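Trainee: Let me give you the structure first, and then I'll get to my questions.
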Amino acid sequence: MKVRTKKYDAAEFLTDDETISAYLTEALESDDPRYIAKALGAVARAKGGIAQLARDTGIAREALYRALSDAGNPELGTVLKVAHALGVRLSATLVA
């Protein structure tokens, strides 16, 4: 008997605002730009997809796919537009 697997997609588990907030907070605290970009992409897919995000931000769909991928490195302006379109506010806290 063969074992069937499928690629893990965090977007499938981002079903409510609390989970989305916790996921993005974890990504931001990682200090890993690629993880943060990938997390924003997962939230975008969970909230209606990249095509909808492209319409909401005015950024080309292809550019968003690239920026929010594993290898993505979006500019801060892109991150801020995406966060705003997703209804997310980034905040800062002092590190002790």
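Trainee: Debye calculation, C-alpha points only, no solvent: report log10 I(q)/I(0) for region 24-78 at q = 0.20, 0.24 Å⁻¹, in the same order as the q values.
Mentor: For region 24-78, the Cα-only Debye profile gives -0.64, -0.91.
Trainee: Rg and Dmax of the chain, Cα atoms, in Å?
Mentor: 14.0, 53
Values quoted throughout were computed directly from the atomic coordinates according to the rules given, and no laboratory measurement underlies them. This structure is a prediction, so every number in the text was calculated from the model and none was measured.
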